[in-house]
1. Would you pick out the residues in segment 69-94 that are more than 22 Å from residue 440 (Cβ to Cβ) and in a loop (DSSP other than H, G, I, E, B)?
2. How many of the residues in segment 620-675 are crowded, with 17+ Cβ neighbours inside 10 Å and basic (Lys, Arg)?
3. Restricting attention to segment 315-355, and to residues there that are polar (S, T, N, Q) and within 15 Å of residue 394 (Cβ to Cβ), which single residue is surrounded by the most Cβ atoms within 10 Å (Cβ to Cβ)?
4. Could you tell me whether any residue of segment 397-413 is away from the ligand (no atom under 15 Å from the Cβ) and either on the phi < 0 side of the Ramachandran plot or small (Gly, Ala, Ser) (or both)?
5. Of the residues that make up segment 74-83, is at least one within 12 Å of the ligand (Cβ to nearest atom), at positive phi and of a type in the set (D, E, K, R)?
6. For segment 219-241, does any single residue satisfy the condition of being assigned to a strand (DSSP E or B), modelled with pLDDT of 90 or more and either out of contact with any helix residue (DSSP H, G or I) (no Cβ under 7 Å at 6 or more places or on another chain) or within 16 Å of the ligand (Cβ to nearest atom) (or both)?
7. Output the qualifying pairs, or none if there are none: Cβ atoms under 7 angstrom, residues six or more apart or on different chains, first residue in segment 282-310 and over 22 Å from residue 261 (Cβ atoms), second residue within 16 Å of the ligand (Cβ to nearest atom).
8. Please name all residue pairs, on different chains or six or more residues apart, with Cβ atoms under 8 Å, provided the first residue is in segment 52-71 and is closer than 19 Å to residue 259 by Cβ and the second residue is near the ligand (Cβ under 7 Å from one of its atoms) and among the hydroxyl-bearing types (Ser, Thr, Tyr).
Amino acid sequence: MIKSNASDKRTLKTIRYDADLIVVGGGLSGVCSAITAARAGTRVVLVQDRPVLGGNASSEVRLWVLGATSHMGNNNRWAREGGVIDELLVENWYRNPEGNPLIFDTILLEKVVSESNITLLLNTAVFEVQMSPTPKSPSGDLGATGHIQSVQAFCSQNSTMYELVAPIFCDASGDGIVGFQAGAAFRMGAESKEEFGEKFAPSAEYGELLGHSMYFYTKDTGRPVRFVPPSYALDDITTIPRYRRFNAKEYGCQLWWIEYGGRLDTVHDTEQIKWELWKVVYGVWNHIKNSGQFPEAETMTLEWVGTIPGKRESRRFEGDYMLTQQDVVEQREHADAVAFGGWSIDLHPADGVFSEKPGCNQWHSKGTYHIPYRCLYSRNISNLFLAGRIISATHVAFGSSRVMGTSAHVGQAAGMAAAICAREGLLPRDLADGQELASLQRELLKTGHHIPGLQLHDPSNLVPNATLLPSSEFVLTHLPPNGPLQPLTDSAAQMLPLPTGPVPQMTVFVTSDADTTLTVELRRSSKVKNHTPDVTLQTLTLPIQKGKQEVRLPFDVVLDGPQYVFVMFIKNEHIQLQYSQLRVTGVLSVFNKTNPAVSNYGKQEPTDDIGVDTFEFWCPERRPKGHNIAMTIDGGIALFGASNLTNGVQRPTSQPNAWVADVTDSSPTLSLRWSEQQRISRVELFFDTDFDHPLETVIMLNPETASPFCVQDYVLCNDRQERIHETIDNHQARNIISFEKPVETSQLTIHLKPKPGQAPAALLEVRCYA
Ligand SMILES: Cc1cc2nc3c(=O)[nH]c(=O)nc-3n(C[C@H](O)[C@H](O)[C@H](O)COP(=O)(O)OP(=O)(O)OC[C@H]3O[C@@H](n4cnc5c(N)ncnc54)[C@H](O)[C@@H]3O)c2cc1C
């Protein structure tokens, strides 16, 4: 029994943690930052003020995670970010193809608590920052006005205070609680057009901040259910200009446009904004249930309403560089690139749901863009990393970089940088160039974290010294005509990787219900790294007769460099194109259709001079659709060889970058042969988890639980053909095989066992370490 006499005052129990890195905020950027740092050997404390991880992606808010793939609705091909965020999304695909937000919570929690280097504090809010003099470092103290010594946090569940001490801090809290209190330079609201020459900078009338949103989920109970609204529900929803858009079918983040608060202080007025959003949500549901206009809602009930509003924007902190509209649109390259974005610049009217204007104003770039390292640390707090939506970007650039796939990717870069700082006794700015930057980029690439244009050069990898002996190498001679016949109601294109030199002649399979002409264009992208077909190389006008026929495409174009080309079939109501069942890594079809969810109306055409480009969208279809266009290719395309395994790129980019075994190879193997015995303690394999698939975490259903390009079962053997490792049921891109005792061998053979009906076996990279 505890009996405590009266006292003047008591103090709370306080626990002190000393770590290498304190990550504040357990949204996706904080989670990915913490896991990346922990795996690099850093002792991390991850502090999250709410009961689960994920922030806006958690079951508390229920946003789907998106990034550069943009729902597969723009021209960014194979643009999933890679690294830890990819592992999380692919795991969610495997366990949760139905998109249940509760399952995603469990995956995040599991991944974090599996890391022995992470101390996770849930329900614990950081509220205070202690500063100390800036220590001397090669460059970190230049311009520094402060250095964080520790942060204090409080958990109301266990009534405990925490003192969290570390040399490095990462603020991933969304509002920047650490940066704000530490005195880091920040901004809130929009820059003028003049400050950075950003033509898309919004006027005050449009609004300078994005608001919060609140969602609801419904369920059909199968019997009539009545709804009595709470007294605070909005009475008259016709005060909402878009009330006609409400229906009984949309739920969750399809309701992103129930937005409010862009004219308020989105940090300090959040509770007020939440009440306004609750009023709207319950008012809308009252309208759906009780107006008589939605008989289909008779048996429906509210299953869930958000209690925490999804916050889009508050503070943005200043780093040594601010990302701008021009960086995004012109895809400016930065030597210190450590992450990339690819969502549209997506601004919203500040009046949100009460505005007469469209709910968003989205403009895409022709491809992905670099995010420099200098955006990821405070310019004046010497030991503070920034991750997530608070990185150093203008309001306009933030309109793109804020989405969670990108935020998480940035978090990974900050986490790896923090690990290097902690290990080497450096401060964030010390890594901004030279060997330290190269080391940061290399360590990130090793994890599968993609940085466009960068190749991994890893001196400790043993594979470049080995001879690669594949059992076969795929040559793309034909995509057999064994798939569906589809009308050419929208223009369709086959994307093909080609080497320098003459474009091969091809034959396609066409059925027509009348004599007509077929227009076929051969296009490429003006920038080799992009997949926006904005350069026409040749146009063929071919006579087509009524009936079924093979059509020859007599191209006479010579490519001056290796690149993807687009063989485009312009829409024709008479024609049906024959498709193929064969799917191959790095080969896909695209269509000039629309995807209004991401402001893709077939072509992007700004009417005003807002500093964005005009171009067409050519996007793939989701599986089970998305077949390749059947064709034969004279001479074939031989770009799927084993030499791709050592080119330092782990996904298709301007070339497939994959070793693909021949379709007829029933037991594909790859042997790595060294002239001398090696001691191998770790092997890393990278498989194709289809980096084009956006893998939204909620609502969207997936037809499969793993990529059809991903090899699930494989065996490793030594030079005596003894089995030294076996994996069954793999679905992840990165596979790490660690041997308790190093394997001594002069040869390593990887036996891939693709499942019947799968795409031909593919491997994107193999690395071995002593
Ligand atoms: C309605 C809406 C629609 C959006 N649409 C999309 C979309 O479709 N796809 C997409 O990818 N992105 C979308 N975004 C953008 C995206 O959700 C955010 O920009 C993103 O969440 C940023 O990630 P983050 O980790 O920086 O912040 P958050 O996800 O907000 O995570 C920050 C975390 O820090 C915690 N935290 C805050 N203060 C403290 C503290 N003092 N102590 C400890 N922890 C703290 C919070 O609880 C939170 O979990 C949307 C945003 C909104 C609001």
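The values are calculated or read from the model by the stated rules, or taken from the named source; none is laboratory data. Please read all numbers here as calculations on a predicted model, not as lab measurements. Neighbour counts are summed over all protein chains in view; Cβ atoms, including those assigned to glycine, are modelled from backbone coordinates with ideal geometry.
1. Scanning segment 69-94 gives 69, 73, 74, 75, 76, 77, 78.
2. Adding up the residues that qualify gives 1.
3. Residue satisfying both the conditions and the ranking: 325.
4. No.
5. The answer is no, given that none of the residues of segment 74-83 is within 12 Å of the ligand (Cβ to nearest atom), at positive phi and of a type in the set (D, E, K, R).
6. Looking for residues that are assigned to a strand (DSSP E or B), modelled with pLDDT of 90 or more and either out of contact with any helix residue (DSSP H, G or I) (no Cβ under 7 Å at 6 or more places or on another chain) or within 16 Å of the ligand (Cβ to nearest atom) (or both), one finds at least one in segment 219-241, hence yes.
7. Cβ pairs passing all conditions: 302/216; 303/217.
8. 55/29
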